[in-house]
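The values are calculated or read from the model by the stated rules, or taken from the named source; none is laboratory data. Keep in mind it's a predicted model, so treat the numbers as computed, not measured. Note that we place each Cβ from the backbone using ideal geometry, even for glycine, and neighbour counts take in every protein chain shown. Accessible surface is based on the protein model in full, side chains and every heavy atom, while ligands, DNA and RNA are left aside. Shrake-Rupley method; radii C 1.70, N 1.55, O 1.52, S 1.80 Å.
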Amino acid sequence: MRLRELKLQGFRNLQDLRVEPSTGFNVIWGDNAQGKTNLLEAIYLLGQLKSFRSNRRETLIKIGRDEARLSAGICMSGVCHRFELLLTREGQSADIDGKRIVNAAEMLGRLKTVLFTSEEISLIRGNPGGRRSLLDRAIFQTNSGFLQIARDFQRCLKQRNRLLKLAAEDAQLRPWSQKLAESGARLRQAREIFLQRLRPRLRDCYRTICGGTEEVDLGFSERIGLTTDDLLAELHRTAARERQYQQTLAGPHRDDLQFRIDGRPLKNYGSQGQQRSFLLAFKTAQVLDLEEQTRQSPVLLLDDLNSELDSFRRNAFFEFLLAHRGQVFLTTTDISSLRERDLNPIRCFEIKAGKVQPDPSMDS
Amino acid sequence: MLDSIPSFARLVAELAKFPGIGKKTATRLAFFLLRQPRAEAEALAGAILELKEKIGFCSRCFHITESDPCPICTDPGRDEGLLCVVEQPQDLIAIERSRSFRGRYHVLQGALSPLDGIGPDQLRFSELLQRLKGGAVRELLVATNFTVEGDATALYLAGQVRPLGIRVTRLAHGIPTGSDLEFVDDATVNRAVEGRRDL
Ligand SMILES: [Zn+2]
C-alpha cells in the first residue's frame, strides 16, 4: 500500500500543498509547532475518517477558510485510486475515484495506516476504555466485518440503557438483553481471536526491539464468557444492580483489557520506559499481523518517535523499519541523526510555519 | 435570485422537502413543470390530493388502503392460519411482489426503538394480539427488518405470542440469490454462516 501523491487544501495551519512521497521513507522535519504532525494526521484521516488528536472537525479547517480538502493517490494491490475527503463545518463527504461514498464504511480502513505516537502512552496508563479502543482499532484493520459487529453492539447498548433509565418492565428489556448478549458475544469472540494471534508476536517484538527480558502479555483481567448464554448469565447476575444504576453493567463495554508485564498490570507496575516499550511492541506486532492477514504492508506513521527511545531500542526499531517493505512517514526535530542511517529510498520535507519545502539535498 | 419569482421559489422549496431531493434537483423539476401544459400540472396536483383524500389505513392489518378492510384482508383465497408481521407498508408490498406468501398481514408501523421513544404502545401491537386471540392463526411469520431494532421487535413479539400456543417463525436471511459469494459484504456472509443448515 503506497501513497503516491498527497494534496491538502485548507487543512490545519498548513499552506496548500502537493507532495509526491517516496515509496520508502519520508522524513518530515522542522522545529516544534510548525505543522509536522498535521501532515501525518491528514494521512491518518484519509484512512480512518477521524483524527487521532481531535474530535472537533472545525479545528481541522484552516482559520479563515470554509473547508478543508484532502486528496491522495493511493496504490493498493497494483491498482491506483484517488481518495478525497472534504471537511466543512457542517459535515464531511468522501469520494473514491470521483464517486461519492454513501456509506462511510466503504472507505473506512481502505487505506491502512498504523500510527506510532507517544501520546497513546496515556491509553496504557488511563482507563480501560482507552485500551479497548487501541485493541478495537487494530482488529478493525484486519477484519472489516468488525465495524458492523461493534456498531450493532453499541446500538443495542444505547437502546437497552435507555430502557433501564425509563425503568421499563422486564418484558420490554428482555429482547434487548438477548440482542445485547448476541452482539456482545460476537464482539468478544472477535477480540479473543485477535488476541490469540497477537500474543506470541507481541512477546517476540518486545524481546527483539525493546530488549526486555520480562514476559509481556495482554488479555482481559478475568475470564470472560464468549457465548451468548455466558453473557445472558452475566446480565442475570447484575440485574438488580442494573436497575439501581440504570445502566448495563456487564458486557464487552466493561471488559478490562490489561497490558501485563511479568503477570502484573503495566498500568500500575510498569516504569515509563517499560510502558513505552510495550506500546512500541504492540504496534510493531500489529504491523506484522496486518501484513500476514491482508498480504499488504500498511503505511506507518511515526510521530516524533526518535526522541522517545534510547539508542538500543532506536537501533532495533530502525532494523525493523528497514526490513519493513511498506511506506513510512516520520516526523522529527533532529534530522542529523537520521542522516547517519541508511534509509533508502528517502525523501525529506522540511516544514516551516506550515509551509512544506522538499529538500533536494537529502533526496536519493 | 429565486426571490424575485416567489411562486417559483415556493414550488422549489416544497419539492426540496422530498427525500433524496436537493435544491438543485428541485429547481430542475420546477422548470420541467413550468414547461408542461396546464392539464399535466392539474393531473399531478389532483393525484396528490386524491392520495391524501382516499388513502387511509386498514383497520384490521394497518396496511394502506382505499377501502376498509383492505382487499388483502377480504380476499377469500388467502390462508387465515398464516399471518405475516412487517414494519411498514412498503415491506408488505415487497413480500407481495415476490408472490411467495399467501396468508394475511399485519403492519406494525415501525419497530421498537427506546432511543426514539418507540415502545410497544407506539406500534400496532395490541391490535395484533387481539387478532391472534381470535384463534384462527396457526403460524406467525415475523418479517421485521434485519436491523438491531427489527430483531429486538421480533424477539419481543415471540415472547408475547408463544404463550398463546402459536408457532412463531422468522424470515431467513443470508446470501442474496444470484450473487457471487466473493462480492457479498462481510456482515451478510457472517450471518449466513451463523444461520447455516443441514443439507
Ligand atoms: Zn387489511
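Across A:ALA138, A:ALA33, A:ALA72, mean-square fluctuation computed from a Gaussian network of chain A (C-alpha pairs under 10 Å connected) peaks at A:ALA33.
From a point 7 Å beyond the Cα of A:ARG65 in the direction of its Cβ, which residues of region A:104-122 have a backbone N at a distance under 12 Å? Flagged as within label range: none. In order along region A:153-159, phi translates into HN-Hα couplings of 4, 4, 5, 4, 4, 5, 4 Hz, rounded to whole numbers, per the Karplus curve 6.51 cos²θ - 1.76 cosθ + 1.60 with θ = phi - 60° and x for Gly and Pro. With protein chains left intact and a 1.4 Å probe, residues in region B:77-170 average 45 Å² of accessible area per residue. For region B:114-128, a decrease in accessible area of 40 Å² or greater in the assembled protein chains relative to the isolated chain, with a 1.4 Å probe, applies to B:PRO114, B:LEU115.
Grab the Cα-Cα distance for B:LYS52 and B:ALA9, subtract it from 0.36 nm times how many residues apart they are, and report the gain in nm with one decimal.
Gain on extension, B:LYS52 to B:ALA9, equals 13.1 nm.
Measuring between their Cα centroids, region A:203-262 and region A:155-178 lie 23 Å from each other. Where a Cα-Cα gap under 17 Å defines reach, which lysines qualify for A:LYS112, not counting those fewer than 8 residues away within the same chain? The reachable lysines, counting only those whose Cα sits under 17 Å from A:LYS112, are A:LYS50, A:LYS283. Averaged over the residues of A:115-125, the number of partner chain Cβ atoms lying within 10 Å of the residue Cβ comes to 0.
List the aspartates and glutamates whose Cα lies under 14 Å from the Cα of B:LYS52, skipping any in the same chain that are fewer than 8 positions away. Partners within reach: B:GLU66. A helix-only calculation puts chain A at -14000 deg cm²/dmol for mean residue ellipticity at 222 nm, using -39500 (n - 2.57) for each DSSP H run of at least four residues, averaged over all residues. Excluding ligands, DNA and RNA and using a 1.4 Å probe, chains A and B jointly bury around 1600 Å² of accessible surface, summed across both partners.
What the phi angles of region B:8-17 give under the Karplus curve with 6.51, -1.76 and 1.60, with θ = phi - 60°, is a coupling list of 5, 4, 5, 4, 4, 4, 5, 5, 5, 6 Hz, glycine and proline written as x.
Reachable aspartates and glutamates from A:LYS165, Cα under 17 Å, same-chain residues fewer than 8 places away excluded? Within reach: A:GLU242, B:ASP116. This model, with +1 at the C-beta of Lys and Arg and -1 at the C-beta of Asp and Glu, gives region A:124-292 a dipole about its Cα centre of some 560 debye. What separates the Cα centres of region A:8-25 and region A:271-300 is a distance of 25 Å. Each Cα pair under 8 Å and six or more residues apart adds its separation to the average, and for chain A the resulting relative contact order is 27 percent.
As an exercise, use a Förster radius of 22 Å and the Cβ-Cβ distance of B:LEU29 and A:ARG100 to find the FRET efficiency, rounded to the nearest 0.05.
Working: r = 21 Å, r/R0 = 0.95.
Once rounded, the FRET efficiency stands at 0.60.
In the Gaussian network model of chain A, springs joining C-alpha atoms below 10 Å, which of A:GLY98, A:GLY326, A:GLY219 carries the largest mean-square fluctuation? Among A:GLY98, A:GLY326, A:GLY219, the largest mean-square fluctuation in the Gaussian network model of chain A belongs to A:GLY98. At a threshold of 50 Å², the residues of region A:175-214 that become less accessible to a 1.4 Å probe in the full protein assembly than in their chain on its own are A:PRO175, A:TRP176, A:LYS179, A:ARG186. Could you list which residues have their amide H under 5 Å from that of B:VAL142, counting only those 5 or more apart in sequence or on another chain, with H placed in the peptide plane? Sorted by chain and number, the residues that satisfy this are B:VAL85, B:THR169, B:ARG170, B:LEU171. GNM remark for chain B: springs join alpha carbons under 10 Å apart, and the peak mean-square fluctuation among B:LYS54, B:LYS133, B:LYS17 falls on B:LYS17.
Model label points for A:GLU319 and B:VAL184, set 7 angstrom from Cα along the Cα-to-Cβ axis, are 4.7 nm apart. Share of carbon and sulfur in the accessible area of the protein assembly as shown stands at 49%, probe radius 1.4 Å.
Along the axis of the charge dipole computed for region B:2-54 (Cβ charges of +1 for Lys and Arg, -1 for Asp and Glu, origin at the Cα centre), the listed residues B:ILE21, B:ALA41, B:LEU11 are led at the positive end by B:ILE21.
Entry note, chain B: the mean residue ellipticity at 222 nm calculated from DSSP H runs of n ≥ 4, each adding -39500 (n - 2.57), is -13000 deg cm²/dmol after division by the residues and rounding to the nearest 500. Within region B:130-177, the residues that become at least 10 Å² less accessible when every protein chain is included than when their own chain is isolated (1.4 Å probe; DNA, RNA and ligands ignored) are B:VAL148, B:GLU149, B:ASP151, B:ALA152, B:LEU155, B:TYR156, B:GLN160.
Let's see if you can work this out: charge +1 on each Lys and Arg Cβ, -1 on each Asp and Glu Cβ, no other charges. What is the dipole magnitude of region B:7-152 about its Cα centre, in debye to the nearest 20? Walk me through the numbers on the way to the answer.
On the way: 19 positive and 19 negative charges, 109 e Å.
That gives region B:7-152 a dipole magnitude of about 520 debye.
Find the relative contact order for region B:2-54 and round it to a whole percent, using C-alpha pairs within less than 8 Å whose residues are 6+ positions apart. Walk me through the intermediate numbers first.
Values: 20 pairs, mean separation 11.3, N = 53.
For region B:2-54, the relative contact order is 21 percent.
Normalised per residue, the accessible area of chain A is 45 Å², obtained with a 1.4 Å probe and no contribution from ligands, DNA or RNA. State the answer as a single residue: which of A:VAL27, A:SER337, A:LEU87 lies farthest towards the positive end of the charge dipole of chain A, with beta carbon charges of +1 for Lys and Arg and -1 for Asp and Glu, about the Cα centre. Comparing the listed Cα positions along the dipole, A:LEU87 ranks first.
Computed about its Cα centre, the charge dipole of region B:77-170 is approximately 480 debye, with only Lys, Arg, Asp and Glu carrying charge at their Cβ.
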